[in-house]
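Every read-out reported here was derived from the displayed coordinates using simple, explicitly stated rules and does not represent laboratory data. None of the values given here were measured: they were computed from a predicted structure. Using ideal geometry, Cβ is built from the backbone for each residue, glycine included, and neighbour counts are taken over all protein chains shown.
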Amino acid sequence: MIIGIIGAMDEEVEILLKNIEIKTIDEKASMKFNSGKLWGNDVVVVRSGIGKVNAAVCAQILIDDYKADKIINVGVAGGMGEDIYPGDVVIADTLVQHDVDTSVFGDKLGQIPRLEVFDFKCDEDLIKLAKNACEKNTSCNSFVGRIVSGDQFIASIEKIEWLKDEFNAISCEMEGASIAHVCHLNHIPFVIIRSISDNASNGAHIDYQKFIPIAVKNSTNILKSMLESM
Ligand code: ADE
């Protein structure tokens with residue numbers, strides 16, 4: 001079984017690349033695909049770049065060229081729940097692309113036009129593994145809920161309120177739902193695990209810089225514990 005592991009930024013894959021026993025590295029679509037063994041599993045680790053298009057291209061290459069059987073996306077995200085703080089872990093159960101809007105045709109906001117589903121559901125077994133990993137790791141709180149993705153860094157109270165009201169989201173980032181979309185089209189099980197770097201509100205970009213290291217550490221620890229139990 002091959003597990004594709006995607007992080008959008010260097011910071012999000014750094015610890016993974018320090019720990020992987022590399023077999024091959026090849027470059028496609030300006031991304032480096034690092035194949036090898038990580039914490040007992042055959043994996044391909046790749047930094048996709050930021051945003052939905054980069055993440056979608058990356059996921060499709062993992063599926064087509066590396067025959068990934070499952071895909072896990074780790075990294076940081078904005079937290080939108082009252083009690084969600086930097087360093088906390090969010091496991092997606094469903095994902096929606098919040099920047100999709102064909103409402104003029106009567107579609108709900110976030111609905112991919114003419115697709116049979118509204119949201120993308122993470123694999124239940126992978127969610128369970130992630131939850132178990134969170135229970136073992138008592139140093140951070142964890143939440144399961146909807147993550148929304150869009151090609152925007154969210155940094156305003158108004159936008160958060162809208163994302164909560166419209167999508168019932170607990171967290172936002174810029175890749176998860178597009179990876180989910182690709183996995184849905186290809187029938188590949190996936191899960192998105194993020195740790196909070198900021199509260200997506202005014203000044204989020206300042207917190208983001210400050211809390212990235214702890215957020216990356218926490219999401220990576222959850223992934224490590226998951227991989228060790230697979
Ligand atoms: N990733 C981390 N924080 C984010 C935010 N506030 N908006 C979008 N993506 C993020």
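Of 106, 60, 144, which is farthest along the charge dipole of the chain in the positive direction, counting Lys and Arg as +1 and Asp and Glu as -1 at C-beta?
The one lying farthest along the dipole's positive direction is 60.
May I ask you to derive the relative contact order of the chain, considering only C-alpha pairs under 8 Å and at least 6 residues apart, and to give it as an integer percent?
27
Please state, rounded to one decimal and in Å, the Kirkwood hydrodynamic radius that the stretch 2-229 gives when every pair of distinct Cα atoms enters the mean of 1/r.
Here the Kirkwood hydrodynamic radius works out to 17.2 Å.
Just how many % of Cα pairs in the stretch 3-74 lie over 18 Å apart, if you round to the nearest whole percent?
In whole percent, the long-distance tail amounts to 26.
Cross-link list 164/217; 67/108; 18/159: which exceed 29 angstrom alpha carbon to alpha carbon?
Check vs 29 Å cut-off fails for 67/108; 18/159.
Treating only the Cβ atoms of Lys and Arg (+1) and Asp and Glu (-1) as charged, compute the dipole magnitude of the stretch 2-229 about its Cα centre; round to the nearest 20 debye.
It comes to approximately 560 debye.
Would you kindly derive the ³J(HN,Hα) couplings of the stretch 12-24 from the backbone phi angles with the Karplus curve 6.51 cos²θ - 1.76 cosθ + 1.60 (θ = phi - 60°), listing them in order in whole Hz, with x for Gly and Pro?
7, 10, 4, 5, 5, 6, 6, 9, 6, 8, 6, 9, 9
Could you rank the peptides 56-69, 95-108 by their average count of other C-beta atoms within 10 Å per residue, with the highest value first?
Ranked from most to least packed, the peptides come out as 56-69, 95-108.
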